[in-house]
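The values are calculated or read from the model by the stated rules, or taken from the named source; none is laboratory data. Small disclaimer: the values here were computed from a predicted structure and weren't measured. No Cβ is skipped: glycine too gets one built from the backbone with ideal geometry, and neighbour counts run over all protein chains shown.
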Amino acid sequence: MDLKNFLAGSDKEKDKEYYWSLVIEPGWVQAGIWNIEGDKAEVISVSPTIAWEVDAELINAADSALSASIQNLPEDMTEPTKTVFGVNASWVSEGEIKEELLGKIRKLCSTLSLKPVGFVVLPEAISHLVKAEEGAPLNAIVLGVGKESLEIALFRLGNLVGTSQIARSVSVVDDVAEGLARFAGSEAFPSRVILYNGKEGELEDVRQSLLNAGWEAYEKIKFLHTPKVELITPEKKVLAVSLAGASEIANVTGVHTAKVIETLDGVHDKEEVANIKLPEENLNPEDLGFVVGKDVAIGRKEEIVLPIPQRSPVERNLESQPKLQEAVPEVAATGLRPNLAGITKFKFPSLAFMGNFLAKLPKPSLAFPGKRILIFGIVSFILIFILGFAAWWFLPTATVTVFVSPQKTQEKAQLLVDTKAFGVNFSDKILPGKVLTTKTVGEKTKSTTGTKTVGDKSKGSVKIQNGTLIAISLPAGTVLLASNNFKFVTGTAVSVSAAVSPSSPGTANVDVTASEIGAEYNLAKDESFKVGNYPKAEVDATSTVDFSGGSSRQISAVSNDDQASLEKELTNELVDKATEELSGKVGENEVFIPETAESSVSDKTFSNQIGDEASTLKLSLTINVSGFSVSSLHLTDLAKEVLKNKVPSGYVLREGQISTTFDLVEKKDDQATLGATFIANLLPETNPDEIAKAIKGKYPSLAEQYLTSIKGFSRAEIKIKPALPGKLQTLPRLTRNIKIEVASE
């Protein structure tokens with residue numbers, strides 16, 4: 001029996017419900033509206049992509065996208081509130097939305113009155129949309145192209161092998177190769193690349209670069225043949241997110257868009273632009289990357305994960321059927337399908353007494369078939385009533401999340417990370433550490449800021465006059481000084497005869513060149529010059545022609561500051577990149593300390609030297625980066641030790657509520673002295689078992705009244721599965737079926 005269909009049956013006569021799909025990417029946001037039409041999800045409106053850059057613009061961009069989606073819909077249609085979010089893989093880590101991004105989602109939902117019902121990671125949603133279109137698991141590289149980074153997701157046979165984020169550089173091919181190298185193994189990569197981002201038109205350059213790439217030049221990148229590169233349109237991303245949401249709510253068999261859909265260019269008629277059939281096998285919500293039974297503000301995390309084993313359609317169908325010794329699959333109040341992999345087993349009360357009861361019933365006479373039918377009906381009714389009552393009593397489950405206002409505390413301490421230490425020394429605050437190293441290569445280009453004056457020297461001819469009675473010889477390079485102190489030099493050696501008389505000096509002609517470049521050296525004819533060290537009264541020179549050819553101009557050139565600033569910028573980028581790589585190298589219970597990272601240059605090549613004429617300067621740089629890592633368990637234990645006297649009565653310190661920031665004081669070869677600030681959110685002390693006992697069997701409103709007595713209580717969320725109508729909707733009668741969670745507000 002399909003419990004979901006059974007529960008949904010009572011809602012068939014209700015008005016059609018509409019949902020939002022909201023796709024949020026770095027720099028772009030897009031919205032769509034969809035509902036469930038029969039056995040298909042129908043996307044009735046898709047907004048254009050709206051740009052945003054800083055956090056303050058996200059809400060306005062999302063509001064514009066939502067408004068664009070709904071402006072052409074019927075006036076009597078109720079505006080949706082339930083929202084399915086589509087986010088990039090970089091927003092999640094280990095199944096939850098990253099802490100620094102939760103505030104954006106919370107503020108967006110609060111400001112725009114949205115009710116989050118779940119989120120889906122875009123590469124996984126795209127993978128399953130392609131699978132739905134083609135009927136086969138996806139073998140491809142799904143590449144999200146951002147302005148500052150690339151996100152690579154690798155799929156084999158529909159399984160997500162892992163994800164990787166790479167900061168963009170000058171060459172997108174090098175960036176993709178670097179990301180793929182993180183998955184490198186003996187197996188060749190799929191020869192198919194799927195690109196997506198907020199604007200389809202911006203992807204064509206990336207597509208052409210990947211098509212023209214020479215992959216054989218990359219040692220760790222192996223393709224069986226030249227990969228095919230495809231683009232995913234923004235509209236298809238909305239379809240993918242909508243398909244994920246519809247698959248959670250009902251057993252849809254396809255997704256399609258309405259005939260009239262709002263786009264960036266206006267309203268266009270479309271004849272079923274997407275009529276996608278799902279495969280025969282059932283898809284689990286987890287296969288679509290969808291979080292079930294959680295507020296999206298709680299988040300989910302996603303990083304490089306191991307492949308998920310594929311189950312056959314028969315196994316999935318068997319899982320979807322409630323078993324006698326298993327709980328009926330939970331159905332959330334939102335209508336989302338339960339996680340079938342997490343069914344808890346229940347021990348039903350013994351039904352042996354039914355045998356005795358049936359034995360005491362009078363045996364019907366074969367002569368009166370009407371009596372047999374009556375007795376059979378009574379027995380069937382009794383059995384149904386007993387089984388229904390048992391199910392109502394034993395099967396319901398509830399998750400009660402109590403949000404409390406934490407008390408924040410922090411404490412500073414100086415600790416020593418020693419790579420030669422064998423254990424933790426809490427009294428001296430010494431933690432054993434490990435040295436991690438990596439080598440990273442990159443290049444960067446920037447415009448030059450230096451200038452240089454270049455040009456030609458002025459040339460001309462002079463007549464040298466010797467008024468002395470002795471002949472003189474002037475070597476090449478003799479300096480002639482003009483009346484304005486401009487210097488010229490002779491091009492060749494010259495001899496000047498002695499004067500015959502004071503009125504008849506010896507003369508000789510020689511070519512001269514200005515000592516500097518510039519048009520100001522183009523002197524006129526008959527300019528007088530002093531010759532060498534001779535007194536002008538004895539030996540002088542006069543220009544015989546107008547000097548010409550002198551010129552000068554300013555050009556862009558490489559300065560010392562250009563090289564220094566470019567090296568500093570690229571070094572910082574490579575250190576950040578190496579720090580990210582080292583953080584990914586640590587073990588499951590280890591944490592890398594970025595503040596301990598040190599770099600050394602192993603190779604540096606500039607495209608131009610200082611003073612060269614150039615409008616741009618390129619630097620290729622190779623650096624070695626090393627730093628320390630410590631055990632996250634040791635760090636948490638040390639934090640507890642430091643903070644233990646800061647916990648007031650009635651509050652508890654939990655591991656998940658501790659964060660640490662570092663400042664580097666001093667670093668040696670094997671040791672690093674750090675200033676650490678331990679920050680903790682202290683939660684009120686509670687006893688989940690006592691709370692469960694106190695609220696079992698109560699109506700939700702009465703249970704919430706009791707929860708207000710908890711110290712620091714802010715609000716509560718009560719989710720009961722399955723959702724029953726009216727007075728039947730109470731918390732479970734069994735304490736073990738109530739899960740109590742205490743969370744920080």
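Working carefully through the options GLU595, GLU590, find the one that is of a type outside the set (Phe, Trp, Tyr) and touching a Phe, Trp or Tyr at 6+ places or on another chain (Cβ under 6 Å). Explain how you work it out, then say what you get.
Details: GLU590 fails: touching a Phe, Trp or Tyr at 6+ places or on another chain (Cβ under 6 Å).
One residue alone meets the criteria, GLU595.
Check whether at least one residue in the range 417-434 is of a type in the set (Asp, Glu) and within 30 Å of ILE623 (Cα to Cα), and report yes or no. Step through it out loud before you land on a result.
Pass one, the range 417-434, residues of a type in the set (Asp, Glu): 418, 428.
Filter again for within 30 Å of ILE623 (Cα to Cα), leaving 418.
Yes, the range 417-434 contains at least one residue that is of a type in the set (Asp, Glu) and within 30 Å of ILE623 (Cα to Cα).
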Exercise. Of all residues in the range 593-629, which are in contact (Cβ under 8 Å) with a residue 40 or more places away in the chain, assigned to a loop (DSSP other than H, G, I, E, B) and within 30 Å of THR673 (Cβ to Cβ)?
Worked result: ILE593
Exercise. Would you pick out the residues in the range 684-699 that are buried (at least 17 other Cβ atoms within 10 Å of the Cβ) and not in a loop (DSSP other than H, G, I, E, B)?
Worked result: PRO684, ILE691, ALA692, ILE695
Problem set entry | strands (runs of 3 or more DSSP E) contained entirely in the range 507-566, each with at least 2 residues that are under 60 Å from the mean Cα position of the chain (by Cα) and under 23 Å from VAL454 (Cα atoms) | 551-557
Problem set entry | Matching residues, the range 203-220, being modelled with pLDDT of 85 or more and either assigned to a loop (DSSP other than H, G, I, E, B) or under 21 Å from the mean Cα position of the chain (by Cα) (or both) | VAL206, ARG207, ASN212, ALA213, GLY214
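Out of curiosity, is ALA41 modelled with pLDDT under 85, at negative phi and crowded, with 20+ Cβ neighbours inside 10 Å? Working first, answer last.
Details: modelled with pLDDT under 85: yes; at negative phi: yes; crowded, with 20+ Cβ neighbours inside 10 Å: yes.
So ALA41 passes the test.
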For this session: Looking for whichever is part of a helix (DSSP H, G or I) and within 30 Å of THR438 (Cβ to Cβ) here; the options are GLY185, GLY162, GLY179. Which one fits?
Result: GLY179
For this session: Please find, among PRO123, PRO116, PRO137, the residue that is part of a helix (DSSP H, G or I) and modelled with pLDDT of 85 or more.
Result: PRO123
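How about the range 109-129: which of its residues are surrounded by fewer than 24 Cβ atoms within 10 Å (Cβ to Cβ) and touching a residue at least 40 places away in the same chain (Cβ under 8 Å)? Let's see the steps before the verdict.
Kept after step one, since they are surrounded by fewer than 24 Cβ atoms within 10 Å (Cβ to Cβ), are these residues of the range 109-129: 109-116.
Result: CYS109, THR111, LEU112, LEU114, PRO116.
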Seminar exercise, completed: Within the range 548-581, the residues that are crowded, with 18+ Cβ neighbours inside 10 Å and farther than 27 Å from PHE606 by Cα are GLY550
Problem set entry | Count of residues meeting criterion [over 27 Å from ALA597 (Cα atoms) and among the aliphatic types (A, V, I, L, M)] in the range 608-642 | 3
For this session: From the list LYS536, LYS585, LYS568, pick out the single residue that is modelled with pLDDT of 90 or more and not aliphatic (A, V, I, L, M).
Result: LYS568
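So that you can scan it fast, the table gives a plain yes or no per residue for (1) assigned by TED's automatic domain parsing to the domain that holds VAL462; (2) modelled with pLDDT of 90 or more; (3) loosely packed, with under 15 Cβ neighbours inside 10 Å; (4) not small (Gly, Ala, Ser):
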{"site": "LEU480", "(1), (2), (3), (4)": "yes, yes, no, yes"}
{"site": "PHE486", "(1), (2), (3), (4)": "yes, yes, no, yes"}
{"site": "THR490", "(1), (2), (3), (4)": "yes, yes, no, yes"}
{"site": "ALA498", "(1), (2), (3), (4)": "yes, no, yes, no"}
{"site": "SER503", "(1), (2), (3), (4)": "yes, no, yes, no"}
{"site": "VAL510", "(1), (2), (3), (4)": "yes, yes, no, yes"}
{"site": "TYR521", "(1), (2), (3), (4)": "yes, yes, no, yes"}
{"site": "LYS525", "(1), (2), (3), (4)": "yes, yes, yes, yes"}
{"site": "ASP546", "(1), (2), (3), (4)": "yes, yes, yes, yes"}
Problem set entry | Residues (of a type in the set (A, V, I, L, M, F, W, C) and more than 19 Å from the chain's Cα centre (by Cα)) located in the range 174-191 | ALA184, ALA188, PHE189
Exercise. Of all residues in the range 396-428, how many are surrounded by 18 or more Cβ atoms within 10 Å (Cβ to Cβ) and not in a strand (DSSP E or B)?
Worked result: 3
Exercise. Any residue in the range 463-471 that is buried (at least 16 other Cβ atoms within 10 Å of the Cβ), touching a helix residue (DSSP H, G or I) at 6+ places or on another chain (Cβ under 8 Å) and outside the structural domain of GLY179 (by TED's automatic domain parsing)?
Worked result: no
